[in-house]
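Participant: Just passing along the structure, written as structure tokens.
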Amino acid sequence: MELIGPISQLVSLQDLALKGPINDSALHTISNAGIAIEDGTIKAVDTWDALLAAYPKAMITELNGAYVAVPGYVDCHTHICFGGNRARDFALRNAGVSYLEIAKSGGGIWDTVTQTRKCTEQELTQIVIKNANKLLQLGVTTIEVKSGYGLSVEEEIKMLRAINRGNSETAADLVATCLAAHLKPKDFNGSNEAYLDYLVTNLFPVLQSENLTKRIDAFIETSAFSASEIAPYLQAAKAFNFDITIHADQFTTSGSEVAVQYEAISADHLEASGDKEIEIIAQSKTIAVALPGASVGLGCAFAPARKIIDKGGALAIASDWNPGSAPMGDLVCQASILATFEKLTTAEVFAGITFRAAAALNLFDRGRLIAGNKADFILYPSTDYREILYYQGSMRPSKIWKSGKLVSA
Ligand code: NIG
Ligand code: FE
């Protein structure tokens, strides 16, 4: 048993609901707090004095200085396994060329596929570790990572192996997702349906036998796959018992309806969602994931986060870190920006990057500082948790614990 403290202010996020609005008055804070940990797990969260009295034999890690503690963040949507970059696309977009026009003329996702295919599995592993460690330094202790820049059975397997190997070499937990249905690759000779069928037949069994992922993602968009094209793919994914997550309503609608229909665990993007889509998602068990980094990267509208929450939906916020639409890779900065434009309470933002994001990964053992959860937490050099979003990401954590281990100080 180890006791860590005293902590000037601790925000536990205990008792907050998975869905719907949260007033800041519902945020539970403890002043002069401590955290008791054992075997990587939180044993108790209480005032420092109460913990010292309850566990007199515990090892004590005494903190000197003023700190705010919050749960380690969960980034439930990233594409941090990629070769090269797309600075050229970014400059072209800002000079007036659209995302879809760039994609049609050989830029876009296909450009990254070409550069990712040139990397060896070892090189990709190093890229994943480097990017994951950058997120970890920002306090992100759990990171979802998608494939989707391989787009053939062999290349998707290479990416997923790199992600899983990266997981064993970074302190953060990485959750791999197969996004082979990102785009039909230019070198596939056949229809969209034929490409998806090829994946089901040749890739799904390997994902399962090699235990490469439990999650299947698909990009439903006019430039990628239509609702009807993707239906058999999602049916097959369900038959394999994979969790489903969908890139939905980024530029045009239909993806969110499909996500709900197939009981996807999350529907991500939603920038184009209108009242009908908002209603459908909010009524469902599917978690809505806003990706403000893609809005900032592309200069597009934000997902209607306020409306989704007000209609009773569960809203998570993720970075979408990828070389094309969201190159920034700073979850706290992006979540703070979303808060100012969409008028989200501080509690809703913290929920969105902690336990609500964990739920989007089917993880219920993290995202709140409560007994039984993983001991994943961050200390900021502050005495007021509101400063974290106020500084819009520029105030960085001073110390980070992952599964009870100090991984950054
Ligand atoms: O989430 N929308 C599709 N996929 C990514 C972008 C990938 C890329 O442009 O490389 C996204 O924004
Ligand atoms: Fe994405």
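Participant: How do the pairs read when you match residues in segment 231-260 that are closer than 13 Å to Ala181 by Cβ with residues anywhere that are aromatic (Phe, Trp, Tyr) and buried (at least 24 other Cβ atoms within 10 Å of the Cβ), using Cβ under 9 Å and keeping only pairs 6 or more apart or on different chains?
Facilitator: Tyr233/Phe225
Participant: For segment 310-366, how many residues meet the condition of being within 16 Å of ligand 1 (Cβ to nearest atom) and assigned to a helix (DSSP H, G or I)?
Facilitator: Of the residues in that region, 4 qualify.
Participant: Here's a follow-up. So if I check each of Thr141, Thr120, which one is polar (S, T, N, Q), away from ligand 2 (no atom under 16 Å from the Cβ) and surrounded by fewer than 20 Cβ atoms within 10 Å (Cβ to Cβ)? Steps first, answer last, please.
Facilitator: Working: Thr141 fails: surrounded by fewer than 20 Cβ atoms within 10 Å (Cβ to Cβ).
None of the others qualify; the one that does is Thr120.
Participant: Still on this structure: Consider Ala303 carefully, then state whether it is at pLDDT 95 or above, small (Gly, Ala, Ser), part of a loop (DSSP other than H, G, I, E, B) and surrounded by fewer than 24 Cβ atoms within 10 Å (Cβ to Cβ).
Facilitator: Details: at pLDDT 95 or above: yes; small (Gly, Ala, Ser): yes; part of a loop (DSSP other than H, G, I, E, B): yes; surrounded by fewer than 24 Cβ atoms within 10 Å (Cβ to Cβ): no.
Spelling it out, it is not the case that Ala303 is at pLDDT 95 or above, small (Gly, Ala, Ser), part of a loop (DSSP other than H, G, I, E, B) and surrounded by fewer than 24 Cβ atoms within 10 Å (Cβ to Cβ).
Participant: Any residue in segment 197-204 that is aliphatic (A, V, I, L, M) and part of a helix (DSSP H, G or I)?
Facilitator: Within segment 197-204, the subset aliphatic (A, V, I, L, M) is 199-200, 203.
Right, trim to part of a helix (DSSP H, G or I) and you get 199-200.
For segment 197-204, residues aliphatic (A, V, I, L, M) and part of a helix (DSSP H, G or I): present.
Participant: Does segment 218-227 contain any residue that is of a type in the set (Ser, Thr, Tyr) and within 21 Å of the chain's Cα centre (by Cα)? Give the derivation first.
Facilitator: At the first step, the residues of segment 218-227 found to be of a type in the set (Ser, Thr, Tyr) are 222-223, 226.
This time we only want the ones that are within 21 Å of the chain's Cα centre (by Cα), so: none.
No, there is no match, as no residue in segment 218-227 is of a type in the set (Ser, Thr, Tyr) and within 21 Å of the chain's Cα centre (by Cα).
Participant: If I filter segment 223-237 for residues that are within 16 Å of ligand 1 (Cβ to nearest atom), outside any helix (DSSP H, G or I) and at pLDDT below 95, do I get at least one hit?
Facilitator: Among the residues of segment 223-237, at least one is within 16 Å of ligand 1 (Cβ to nearest atom), outside any helix (DSSP H, G or I) and at pLDDT below 95, which makes the answer yes.
Participant: Filter segment 306-339 down to the residues that are surrounded by fewer than 22 Cβ atoms within 10 Å (Cβ to Cβ) and free of Cβ contacts under 8 Å to residues at least 40 places away in the same chain, then identify the one that is farthest from ligand 2 (Cβ to nearest atom).
Facilitator: Lys311
Participant: Does segment 316-370 hold any residues that are touching a Ser or Thr at 6+ places or on another chain (Cβ under 6 Å) and under 13 Å from Ala288 (Cα atoms), and which are they?
Facilitator: Listed by number, the list holds a single entry, Ala360.
The values are calculated or read from the model by the stated rules, or taken from the named source; none is laboratory data. Source: prediction; values computed, not measured. When we count neighbours, we look across all protein chains shown, and the Cβ atoms used for this are built from the backbone with ideal geometry, even at glycine.
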